[in-house]
1. How much area per residue is accessible in the stretch 127-227 when the probe is 1.4 Å and only protein heavy atoms are counted (Å²)?
2. Given the pairs Lys91/Lys173; Lys11/Lys202; Lys135/Lys264; Lys235/Lys296; Lys259/Lys296; Lys173/Lys235, which span a C-alpha to C-alpha distance of over 32 angstrom in this model?
3. Which stretch or stretches of the stretch 134-151 have amide N atoms under 17 Å from the point lying 7 Å from Lys260's Cα along the Cα→Cβ direction?
4. Efficiency by 1/(1 + (r/R0)^6): what FRET value for Asn33 and Lys296, r their Cβ-Cβ distance, R0 = 22 Å, to the nearest 0.05?
5. Considering only C-alpha atoms, what is the centroid distance from the stretch 109-129 to the stretch 172-214, in Å?
6. Quick one: compute the contact order of the chain, relative version, from alpha carbon pairs under 8 angstrom and 6+ residues apart, as a percent.
7. Asp177: net charge of surrounding residues, Cβ under 13 Å, Lys/Arg +1, Asp/Glu -1, itself excluded?
8. Please report, largest first and rounded to whole Å, the three semi-axes of the ellipsoid equivalent to the stretch 116-228, where each semi-axis is the square root of five times an eigenvalue of the C-alpha gyration tensor.
Amino acid sequence: MTTGFVLTQEKELSLDEIKELQAEVRRLAKEKNAVILAHYYQRPEVQDVADFIGDSLDLSRRAAQTDADIIVFCGVRFMCETAKILNPSKKVLHPNPESGCPMADMVTAEQVRMLRSKHPDATFVAYINTTADVKAEVDICVTSANAPKIISKIPARKIVFLPDQALGGWIAKQVPDKEFILWKGFCPPHFEFTAREVMKLKEKYPDAKVAVHPECHPKVIELADFVGSTSQIVKYATTVEAKRVIVITEVGLKYTLQKKNPEKEYIFPESMNYCGTVYCCTMKGITLPKVYETLKNEINEVLLPEDIMERARKPIERMLELS
Ligand code: SF4
């Protein structure tokens with residue numbers, strides 16, 4: 001195992017130090033009856049201390065069902081908020097409160113209210129990657145794993161989808177009987193991938209299949225053999241017949257893919273994004289020392305106003321029922 005990522009001011013840990021800290025985190029988790037949830041985009045050394053690794057939908061379900069007293073959520077802020085909303089009696093801890101999702105921050109509750117006054121006949125659908133304030137204003141949430149299925153079941157013809165224009169455009173193609181109004185948000189890391197670099201990879205590896213996350217640009221999605229959420233990409237890439245898979249999503253997923261099926265080769269683009277490589281800076285803002293400090297001292301608790309939690313819970317629960 002290698003840490004690979006050095007994005008913060010924390011000193012880089014040796015493998016022995018990592019192992020020692022991981023053992024201490026696990027000891028604390030047992031002592032405090034805590035569950036550690038980690039998104040696929042987390043650093044490998046953080047994924048290795050988690051009880052569950054998954055995408056937003058998997059982790060929301062885990063958060064809703066857990067019997068633990070404490071949830072340590074290794075992901076970005078909206079994920080921690082979702083865990084708190086679904087299980088408000090639990091203490092939800094976020095190892096780095098600075099780690100938000102830039103895409104979630106591209107739409108505010110006030111903007112949703114304004115849009116609703118313009119489109120009173122529409123059903124408002126929010127990607128799970130939104131703040132609790134925004135969720136409190138919408139009718140239903142979706143994730144990239146369940147969006148087409150859920151939206152096709154909505155009776156209204158007009159759908160306002162926010163905040164991700166790429167995911168919204170991809171869903172619109174699969175649910176052609178609906179009229180979509182798309183908010184112009186985007187995921188900075190996923191939008192960095194270009195069709196040109198994917199075509200180059202296809203030329204270099206003509207035998208490879210291409211798996212793409214739907215937060216990517218539509219021109220990149222067009223080149224895919226498979227489009228799906230991170231969990232769906234894990235299933236596809238580790239079971240498809242091809243020996244090589246070109247994977248167009250955040251590079252943190254490579255660790256899970258290699259662990260699940262080391263027989264295959266997973267090729268990730270080497271393009272540079274706004275923070276210097278292909279990874280999501282805020283996801284990588286969760287470090288093992290931060291997980292340790294947070295759990296040990298029970299700091300960085302996620303707290304939300306009661307009324308926001310109550311209103312935001314409804315669209316999430318609707319999603320969980322329909323998915
Ligand atoms: S990968 Fe994109 S959508 Fe996910 S947390 Fe990072 S910026 Fe947000």
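The values are calculated or read from the model by the stated rules, or taken from the named source; none is laboratory data. Note that the structure is predicted; figures quoted are calculated from it, not measured. Because the Cβ atoms are built from the backbone with ideal geometry, glycine has one as well, and the counts that use them run over all protein chains shown. Only protein heavy atoms, including side chains, enter the accessible area calculation; ligands, DNA and RNA are left aside. Shrake-Rupley method; radii C 1.70, N 1.55, O 1.52, S 1.80 Å.
1. It amounts to 41 Å² per residue over the stretch 127-227.
2. Beyond 32 Å between Cα atoms: Lys91/Lys173; Lys11/Lys202; Lys135/Lys264; Lys235/Lys296.
3. Inside the label zone: 144-146.
4. Working: r = 15 Å, r/R0 = 0.66.
The formula returns an efficiency of 0.90 here.
5. Taking the Cα centre of each part, the stretch 109-129 and the stretch 172-214 sit 25 Å apart.
6. This gives 21 percent for the chain.
7. Details: positive: Lys153, Arg157, Lys158, Lys173, Lys178; negative: Glu179.
Residues near Asp177 contribute +4 overall.
8. They are 29, 14, 11 Å, listed from largest to smallest.
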